[in-house]
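Right, one structure below, let's go through it.
The values are calculated or read from the model by the stated rules, or taken from the named source; none is laboratory data. Given the structure is predicted, the values throughout are model-derived calculations rather than measurements. Note that each Cβ is placed from the backbone with ideal geometry, even for glycine, and that neighbours are counted across all protein chains shown.
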Amino acid sequence: MIDWFHPSMLFIFGALLIPFLRGKVQQAYLMAIPALAVLSVSLMSQGTYWTYSFIGNSLVFGAVDKLSVVFGWVFTIMSFIGIVYALHVKDNGQHIAAFLYIGGSLGVTFAGDYFTLFVFWELMAFASAYLVFAKREKQAIDAGYRYILVHIFGGVCLLGGIILHYVSTKSLAFGPLEKDGSLAFYLILTGFIVNAAVPPLHAWLTDAYPEGTITGSVFMASFTTKTAVYVLVRAFPGTELLVWLGTIMALYGVVYAVLENDARRLLAYHIISQVGYMVAGVGIGTDLSLNGSVSHAFAHILYKGLLFMGAGAVIQMTGKRKLTELGGLYKTMPITLVLYMIGGFAISAFPLFSGFVTKSMVVSGATHDHRPLIALLLTMASAGTFLHTGLKLPYYMFFGKDSGLRAKEPPVNMLIAMGMAAFMCIGIGVFPEPLYRLLPFAVHFDPYTGEHVTSALGILLFTGLGFFMLLKKLDPEPTISADTDWVYRKGSRLFMWFVNKPLSIYENYLGNIYNTWFTKFTLYFSSFLAKIFDVRLIDGFVNGIANFFMNLAQTIRVSGSGLVRNYAFTMLLGSVVILTYYLFS
Amino acid sequence: MIKKIVDFIGNPDNAGKLKKMGYVSLVAVFLSDFFVHRDHAIYIWDKIPGWGAFYGFFSCVVIILVSKFIGHQGGIMKREDYYDD
Amino acid sequence: MINAPDFPILSFITFFPLVGILVICFLKDDHHDLIRWVAFLTAVISFIFSVPLYFRFDPNTWNMQFVEYIPWVREFGISYHLGIDGISLFLVLLTTFLSALAILSTWTAVTKQVKGYMISLLFLEVGMLGVFCALDFFLFYVFWEVMLIPMYFIIGIWGGARRIYAAVKFFIYTMSGSVLMLIAILFLYFMHYRETGEYTFNILTYQTLQLPVNVQFWLFLAFFLAFAIKVPMFPFHTWLPDAHVEAPTAGSVILAGVLLKMGTYGFLRFSLPIFPQATISFVPLILALSVIGIVYGALVSIAQDDIKKLVAYSSVSHLGYCMLGMFALNIEGLKGSIIQMINHGLSTGALFLIVGMLYERRHTRLISEYGGIMKVMPVFATIFLLVAFSSMGVPGLNGFIGELLILIGAFKANVWFAAVATLGLVFGAVYLLWMYKRVMYGEITKTENKFLKDMTRRELAYTLPIILFIFWIGFYPKPFLDKLDTSVKHLLERVCDQKAVSTEGQKIAALNPNYTLQNRALSGRE
């Protein structure tokens, strides 16, 4: 009897069978895998499983404790809901990518060492990139390309940090990091916060999520950022920097969401806002705030999934994604509207909905940690949340100026999926106990105190008042917002210019050195040698000697002219020379 | 049944009735804040009844005004084909 | 010494292609298919006979194995001396493997003077194997030079438009390095005679000498130039783009897959063990040049429109990683370097094969001529993507293992260089993915592209074996890394034990050459 089975294996190996099945069989199979995964999570008990030795270190695939189990639960549940939502999709590639993506998330969740974590992290990046590319339009392909590059950059930072960490501590175990401010610390942090979409490294999310497929974005909204939250909770609890980053994130997302016209991009900015709560909670680091982050992540996956599903349904049925082009859909899509609103109420932390029992834990955590400013700012962001997700978006999508669109309700499977998510949103809100029991630390928090309920309702309803009073100012405008992706979108032009012009010119120059210096120089030098040196000097020298002898010969030749007196003179001269030689040697 | 409720809300003719219901609920919530126990209040503002209502309204207005301001004056909002050259 | 069993396996593998050449000489010129088959089978047989090398290799000793030793010219100390150790084992296997695949790829690519082409390729294989197996300097040099001639012909006769220029450039660059190496070899030779009264070219003897430091410096420099040109290291790399672009596909595959490794092999076999102190003092320079090569190669790749040139510059970048790992002078770096040599041979060889497939169909290598190819060649798209991922170092594939080990080693040696090198990984992804996007995605803009045929069975036959290894080494590198272990440790001991003597190695003195990723104790040697 196996004592533990890694749910991620179900997805990763399960993906292999997908291309071979069709029709109803395939659909049944697609639903069975996540169901089995949920089952496997429910049967898990704490401990360390599936350790292997690889290049001399031990890899841990199954580090099971309360923290990983709670994320395991929500990931598998959401995977089931998402698959149901996507049942109608005929593109096998998307199903395979989704499975690999989910498998990657679960792999990260249960990883006990950095190496395993990294491998699954990269798997997630590539698999989710496919979901963006799968839309096959030029905008989607471009966005997908930027997405994968940003993730590769984050992955490389993470890899660098892991290696440095390993070199200094000789251990790959995944756990809280020493807050030593070392390069390894910051590199790993950077790698994690890229995936958590913390500004200024967040633009990939708002760039790519609205461009992905309708069903793909639902998955993406749920997994990448929450896996990042999970790893942050495990490795960086109490890091002060995160408190500030998180709070800024919460407000940043809200501000951009107010300005946004594209329905899904608005929700994407909203993800940034909500993850900001979670990141801040991690930074605060108390039991209460960490519980808050985790429970908020749990709830967020469900209600954000629901919101994306709802918006996606609208986009699918109307073909339009901009708020300026939508409106008046309440007449023909009432069920979608209601389900969406459940998500909206949940995210806004209305009492009786899931957000209420979770988000307030984070804010409470801030309050109890003597951080009044943080608590106030986070509460302000809550108001903003309700403002645009609970009020602005549905108002302009479903009510408002009638756009004349008469779309029908989406297919049944999508409605069922939304219904399941809605059910969980309400369920958690009304019965928070089961969730609280899953949380890593003991929970001493009671959300349903009188003051809490009235205060929350007050915030929310009076926000609504403000909304209706300032309605005119909120009308969506057909613009896009420039975000930090401006840096690499415009900046990349500069980079390409550099690579294309100066660098290439230099390289050509270097290559031509051979041409100029060697070939031309050598040829020049050798022709110099040939013409001048060789011909004049050496030849000249040789010729010179030859000339000398010729002249000598000419001179001597005179002596053999044939006249006797010349011969006599020569003989006399010769004998004098010989005698002299013998006399004086 | 859902459709009926939704239609009711959406129908522009019912705007008057809806507004009345809205105001009633606002007042009710505001007043209810006076009746609850404030055991866990840590900060001074938590002790004020109606604080949530006030802060919610305030936040909403601030966010809308600030965002639109940054958007328009800060040069964040651009034409839709800004990146497409 | 492990005595060779009765069968001289290394000689057989090295010289068997000559048999193929002989057979081909007797075939008629126009029996093209027959010639191709003979050549292919010869290479396959060579490969099959090289496989037992792996299985019968003893990983527990760093000594040379499968040694063949026949004194040749005693007066000069020249002998016929072959042998392999952990470092050269995989290079031999890579050579035979890639040669066979490269020959298979030329079926339709080369149609004129097929006989000469096959003979050149087989002759090249002889030269390459000889270089990796030779344990005698004279023999090594002969094989090294012998390699140049068929390569020159391959580029010059069957190459592209500027082939003569590229071939001559290749020849002259390599030759000038080799000449310096020859001078250095002779200097060593005579110095050894002066010290010991004995003439020898035996490489193993030189590896145990204690040479004076200043002598080491100059000799290292001479060898360095020869090998740095071959690797190629920045700034000696400019012959590579021209050679690769103009060479025919099989030529490029062998050039990138094997020939470049001779440079790195040269460092491992000669520079490091024979000149250890000089090695240590050159480390900063070489690390710097490697890192520059990594980044420079990657950046220039991005700007390329010709796919082959892009891959050529990517080789500069990849080999930069190998050199970085090697000169980190620790066990992870060295192992990573050697594994990455193999990986690069596989991935870049595969990339050239793929580009060759595109070129055969459309006779252009310019990215701007393509676009939307994925729609008409889906199988090709998948294989192309896999190979690109392998080249980028995506986890799960072979490139990641090598890069991981190299980076670990590099970070131990010098954090800043390693950090820049890590950044190079991002650039690598940029040029490959961008190229892939422009070629495969989007709309089909050129009508000719609409009619391209997907991969044929033959093309699959020569790419799938590489894909197999890409996955194998990626998921389960143990069989490969284990064989390297002992030889690498021995080399490291040889180099790092000199560290106390060196003046330069302060940072490196902190490294513990006995640190091992495996927690096995070093077992006794000899």
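If the condition is being of a type outside the set (A, V, I, L, M, F, W, C), within 14 Å of chain C (Cβ to nearest Cβ) and either in contact with a strand residue (DSSP E or B) (Cβ under 9 Å, 6 or more places away or on another chain) or in a helix (DSSP H, G or I) (or both), then the stretch A:39-75 contributes A:Tyr52, A:Ser53, A:Asn57, A:Ser58.
Per the listing C:Gly297, C:Gly251, the residue uniquely away from every other protein chain (no Cβ under 14 Å), under 24 Å from C:Tyr359 (Cα atoms), modelled with pLDDT under 90 and part of a helix (DSSP H, G or I) is C:Gly251. Taken over the stretch A:416-459, the residue count meeting the criterion of being within 14 Å of chain B (Cβ to nearest Cβ) and of a type in the set (A, V, I, L, M, F, W, C) is 7. Against the numbered list (1) polar (S, T, N, Q); (2) under 16 Å from A:Arg234 (Cβ atoms); (3) touching a residue at least 60 places away in the same chain (Cβ under 8 Å), A:Gln46 comes up short only at (3).
Look at (1) more than 18 Å from A:Phe345 (Cβ to Cβ); (2) part of a helix (DSSP H, G or I) and you find that A:Ser403 fails only one, number (2).
Among what's in the stretch A:85-102 and is within 14 Å of another protein chain (Cβ to nearest Cβ), assigned to a helix (DSSP H, G or I) and more than 17 Å from the chain's Cα centre (by Cα), pick the residue that is surrounded by the most Cβ atoms within 10 Å (Cβ to Cβ). Checking each candidate, the answer is A:Ile96. Checked against (1) more than 8 Å from chain A (Cβ to nearest Cβ); (2) modelled with pLDDT of 75 or more; (3) closer than 30 Å to A:Gln139 by Cβ, B:Lys68 passes all but a single condition, namely (1). Scanning the stretch C:206-220 for residues being within 25 Å of the chain's Cα centre (by Cα), farther than 18 Å from C:Val179 by Cα and outside any loop (DSSP other than H, G, I, E, B) gives a total of 1.
Looking across the stretch C:393-429, just one residue is in contact with a Leu (Cβ under 7 Å, 6 or more places away or on another chain), at the interface with chain A (Cβ under 9 Å from one of its Cβ atoms) and farther than 16 Å from A:Ile163 by Cα, and that is C:Ala429.
Each row is one residue, and each column tells you yes or no for (1) within 14 Å of chain C (Cβ to nearest Cβ); (2) within 22 Å of A:Leu307 (Cα to Cα); (3) surrounded by 19 or more Cβ atoms within 10 Å (Cβ to Cβ); (4) modelled with pLDDT of 90 or more.
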| position | (1), (2), (3), (4) |
| --- | --- |
| A:Ile162 | yes, no, yes, no |
| A:Leu177 | no, no, yes, no |
| A:Asp180 | no, no, no, no |
| A:Ile188 | yes, no, yes, no |
| A:Pro200 | no, no, no, no |
| A:Asp207 | no, yes, yes, no |
| A:Gly212 | no, yes, yes, no |
| A:Thr215 | no, yes, yes, no |
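Filtered by the rule that a residue be closer than 27 Å to A:Phe110 by Cβ and β-branched (Val, Ile, Thr), the stretch A:201-260 gives A:Thr215, A:Val218, A:Thr224, A:Thr225, A:Thr227, A:Val229, A:Val231, A:Val233, A:Thr239. If you go through the stretch A:310-332 one residue at a time, do you hit one that is under 23 Å from A:Leu201 (Cβ atoms) and either outside the structural domain of A:Ala442 (by TED's automatic domain parsing) or not in a helix (DSSP H, G or I) (or both)? Looking through the stretch A:310-332, none of the residues is under 23 Å from A:Leu201 (Cβ atoms) and either outside the structural domain of A:Ala442 (by TED's automatic domain parsing) or not in a helix (DSSP H, G or I) (or both). Sub-8 Å Cβ pairs linking a first residue in the stretch A:318-336 that is free of Cβ contacts under 8 Å to residues at least 40 places away in the same chain to a second residue that is in a loop (DSSP other than H, G, I, E, B) and crowded, with 18+ Cβ neighbours inside 10 Å, at least 6 apart or interchain, number zero.
Evaluated against (1) within 11 Å of chain B (Cβ to nearest Cβ); (2) modelled with pLDDT of 70 or more, A:Trp497 falls short on exactly one condition, (1). In the stretch A:255-265, the condition of being in contact with a His (Cβ under 7 Å, 6 or more places away or on another chain) and assigned to a helix (DSSP H, G or I) is met by at least one residue.
So for the stretch A:195-213 (the condition being more than 16 Å from A:Ala268 (Cα to Cα) and β-branched (Val, Ile, Thr)), does at least one residue qualify? The answer is no; no qualifying residue exists. Just one of the listed residues (A:Thr336, A:Thr379, A:Thr367) is more than 29 Å from B:Phe30 (Cβ to Cβ) and assigned to a helix (DSSP H, G or I), namely A:Thr336. If you go through the stretch A:108-160 and keep only what is farther than 21 Å from A:Pro200 by Cα, without any contact (Cβ under 8 Å) to a residue 60 or more places away in the chain, hydrophobic (A, V, I, L, M, F, W, C) and more than 9 Å from chain C (Cβ to nearest Cβ), you end up with just A:Ala127. Scanning the stretch C:371-392 for residues that are touching a Leu at 6+ places or on another chain (Cβ under 7 Å) and not aliphatic (A, V, I, L, M) turns up C:Phe389, C:Ser390, C:Ser391. Take A:Ala268 and tell me if it is assigned by TED's automatic domain parsing to the domain that holds A:Ala196, hydrophobic (A, V, I, L, M, F, W, C) and under 16 Å from the mean Cα position of the chain (by Cα). Answer is no for this residue.
Out of all the residues in the stretch C:164-177, is one or more more than 14 Å from chain A (Cβ to nearest Cβ) and either modelled with pLDDT of 85 or more or within 26 Å of the chain's Cα centre (by Cα) (or both)? Checked the stretch C:164-177: no residue is more than 14 Å from chain A (Cβ to nearest Cβ) and either modelled with pLDDT of 85 or more or within 26 Å of the chain's Cα centre (by Cα) (or both).
On the stretch given as the stretch C:55-85, residues that are at pLDDT 85 or above and either in contact with a Lys or Arg (Cβ under 8 Å, 6 or more places away or on another chain) or in a loop (DSSP other than H, G, I, E, B) (or both) total 1. Between A:Phe356, A:Phe350, A:Phe386, the distinction of being hydrophobic (A, V, I, L, M, F, W, C) and facing chain B (nearest Cβ under 10 Å) belongs to A:Phe386 only. Within the option set C:Ile70, C:Ile84, being β-branched (Val, Ile, Thr), surrounded by fewer than 20 Cβ atoms within 10 Å (Cβ to Cβ) and touching a strand residue (DSSP E or B) at 6+ places or on another chain (Cβ under 8 Å) holds for one residue only, C:Ile70. Assess whether A:Leu393 counts as being buried (at least 24 other Cβ atoms within 10 Å of the Cβ), out of contact with any Pro (no Cβ under 7 Å at 6 or more places or on another chain) and either assigned to a helix (DSSP H, G or I) or free of Cβ contacts under 8 Å to residues at least 24 places away in the same chain (or both). Spelling it out, A:Leu393 is indeed buried (at least 24 other Cβ atoms within 10 Å of the Cβ), out of contact with any Pro (no Cβ under 7 Å at 6 or more places or on another chain) and either assigned to a helix (DSSP H, G or I) or free of Cβ contacts under 8 Å to residues at least 24 places away in the same chain (or both). Going through (1) crowded, with 19+ Cβ neighbours inside 10 Å; (2) within 11 Å of chain B (Cβ to nearest Cβ); (3) modelled with pLDDT under 80 one by one, A:Lys331 falls short only on (1). Looking across the stretch A:23-47, the residues that are surrounded by 15 or more Cβ atoms within 10 Å (Cβ to Cβ) and β-branched (Val, Ile, Thr) come down to A:Ile33, A:Val38, A:Val41.
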